[in-house]
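Reviewing the structure listed below.
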Amino acid sequence: MPSTRRRFLNQSLAALTLALGAGACGRRQDSVDAEGRVRLRVALPSRPDVRHAALYEAMADGRYGTAGLNVQILIGESAADVRRRLAAGQAEVGILPGDFDLFDMIAEQAPVRAHAALFRRSSMGFAARRNTRLRSPSDLSGFRVLTDQSEDSPAGRWLVSVLEGVENVALETGARPEMLMPDEASAPPAEPASGPASGPAPGPAADRSPEPPADALLEDAGRERPVIWFGDLISSFTIVEEAFGEGVVRRTAAADGYNIHENLIVCPEAFSRDNPEVLALFLETTLGAWREYLERAPEAAHALLIEANPDLTGESLVPVRHLINRFELARAGAEDPGPITPARLGASHALAVSLQLSDEGLDWSRGLAERPVDSEMF
């Protein structure tokens, strides 16, 4: 960002901070903390993971504080929690999982605006064993496709529509990534050696009939119809890597038309209108931190993410970050992450209509900020 614009935003923030501290515009005085920083509460739809690393990178290196912002993360369990908190005034900013959630809010007459997207492409996709050909949906012929998506979910509906044009393919919905793993504990117990019912009790395990090996679902299905996994490439990354071994082949759903924005940064319309300087600083700082995280050392952000979500590990976060870069989920070629264009959002809505997830007459443009993020913000 040009230095003149940075100075202008910082001067505007200083003036706004004084106004908020005086109770102007009907805002509560606790909108400004004891150090004079403007408080922003950000609602997440789930426990944080690498999708939210931009927020944690900005906190880890002190960017928010330097910008005069006190960003507080509110962790929810679903997109509905984000919508509820925004509607109740319990958060100024929300992270929606994707475009379809935005269309739902617009259909509910919720006055929200989408200002940016942390992911320009969906993280949904296919994964298969090494050397599997996955260049188009037709390559799924002869495979058994397992997914944790229901047939009523957006990605599940899209998958069903894609497979309708593929011959000789089987689909199993409601699966779990763990089903890809061998599980000897679930094998049936061995039967005792044959003999008279009144004979002596079976001896030690070594004397019993040998227990058949507990084949993994992959190996069992692979004899006649090998398995391909479809789901969120990020959340299933570790299990898929362990199940399929080295050289996992992946193909994003975006490559076959499921090209939606994910992790949208949205704000209530009133907040966007009344606090443009604060919002601009938040977007600039967050997206700048996101780019920094994707390009440089991620250790500080990872430490905060693991603290917020102990299920994460550094060993799992590093390769997932690499996956985001490899498939350009966050940035398109040389373009920076963030911008949402009317053309892309309109295409997303057309996809939602084709999947019967939205009405054709919905005015989706009501959910797009009047001035979405552009490259000048960096």
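The values are calculated or read from the model by the stated rules, or taken from the named source; none is laboratory data. This one's a predicted model, so the numbers in the text were calculated from it and none came from an experiment. Backbone-built Cβ (ideal geometry, glycine too); neighbour counts: all protein chains shown. SASA here: full protein model, heavy atoms, side chains in, ligands and nucleic acids out. Shrake-Rupley method; radii C 1.70, N 1.55, O 1.52, S 1.80 Å.
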It is to be established whether one or more residues within the range 180-187 are open to solvent by 40 Å² or more (accessible area, probe 1.4 Å) and closer than 30 Å to Gly338 by Cβ. no
Subset of the range 166-182, residues aliphatic (A, V, I, L, M) and assigned to a helix (DSSP H, G or I), comes to Met179, Leu180
Out of the range 43-57, which residues are in a helix (DSSP H, G or I) and under 25 Å from Ala270 (Cα atoms)? His52, Ala54, Leu55
Scanning for something at pLDDT 95 or above, outside any loop (DSSP other than H, G, I, E, B) and farther than 30 Å from Gln149 by Cβ, does the range 72-95 turn up at least one residue? yes
2 or more residues in contact with a helix residue (DSSP H, G or I) (Cβ under 9 Å, 6 or more places away or on another chain), under 30 Å from Asn168 (Cα atoms) and open to solvent by 40 Å² or more (accessible area, probe 1.4 Å): qualifying helices (runs of 4 or more DSSP H) within the range 216-317: 237-244
Got a number for residues in the range 47-61 being under 16 Å from Glu307 (Cβ atoms) and open to solvent by 30 Å² or more (accessible area, probe 1.4 Å)? 4
